[in-house]
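Participant: Before anything else, here's the structure in question.
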Amino acid sequence: MRVLHTAVHVGCPAEDMRSGRSAPFVLPEGTSLSPDVLHLIGYRRGREGERHGQSTGKLADADVRVQVVQSFHETATSVIWATVAAAAAQSAVMLLSYLTLGVPAAFLAAGATFLFAWSPLVGSTPAWLAGAIYLYAQDAMLKAILMVVCGLLTGLVDNGV
């Protein structure tokens, strides 16, 4: 794969490439990006590049880079806080369910629910499913069914119902 050395190094001149001082974004020959994507990553055409029909690969002002990093930081922080809030809401709802249905160690089960709720793949299911299995093993079929219903409804708590 040949690399276009003049038009595709975003944010690093060719001399930086050879010295290994930065990690460039390199496209294979023949690959093109839309102007919107190039604008999004801060790519702009330099004066010399415009004369020759090529881009020089310089990033926009440092302010843009600072804004992108700041925006990323704010977004990541918001995602973490939202996940904590959703996990706390799920564990609170399930704590009430555990206490109401008579599952032993309800606070421990609620803590497990909080931890499992951090995983988007399985969510709080393992915690309330264990409670439902316990209730089923105790021949409390109605309580086991109610635990499953509460667990399924709890999975909807973080969806903004």
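Bear in mind these aren't lab numbers, they're just calculated from the coordinates by the rules spelled out. Only a predicted model underlies this, so the values are computations on that prediction, with no experimental measurement involved. Every residue, glycine as well, gets a Cβ built from its backbone with ideal geometry; the counts of neighbours run over all protein chains shown.
Participant: So, of the residues in the range 88-138 that are under 17 Å from residue 157 (Cβ atoms) and in contact with a Cys (Cβ under 8 Å, 6 or more places away or on another chain), which turns out to be surrounded by the fewest Cβ atoms within 10 Å (Cβ to Cβ)?
Facilitator: So the residue we want is 93.
Participant: Identify all residues within the range 117-161 that are free of Cβ contacts under 8 Å to residues at least 60 places away in the same chain and either polar (S, T, N, Q) or touching a strand residue (DSSP E or B) at 6+ places or on another chain (Cβ under 9 Å) (or both); write none if there are none.
Facilitator: Hits for the range 117-161 are 119, 124, 125, 138, 159.
Participant: Residues that are touching a Leu at 6+ places or on another chain (Cβ under 8 Å), on the phi < 0 side of the Ramachandran plot and without any contact (Cβ under 8 Å) to a residue 24 or more places away in the chain: does the range 70-81 have at least one?
Facilitator: Looking through the range 70-81, none of the residues is touching a Leu at 6+ places or on another chain (Cβ under 8 Å), on the phi < 0 side of the Ramachandran plot and without any contact (Cβ under 8 Å) to a residue 24 or more places away in the chain.
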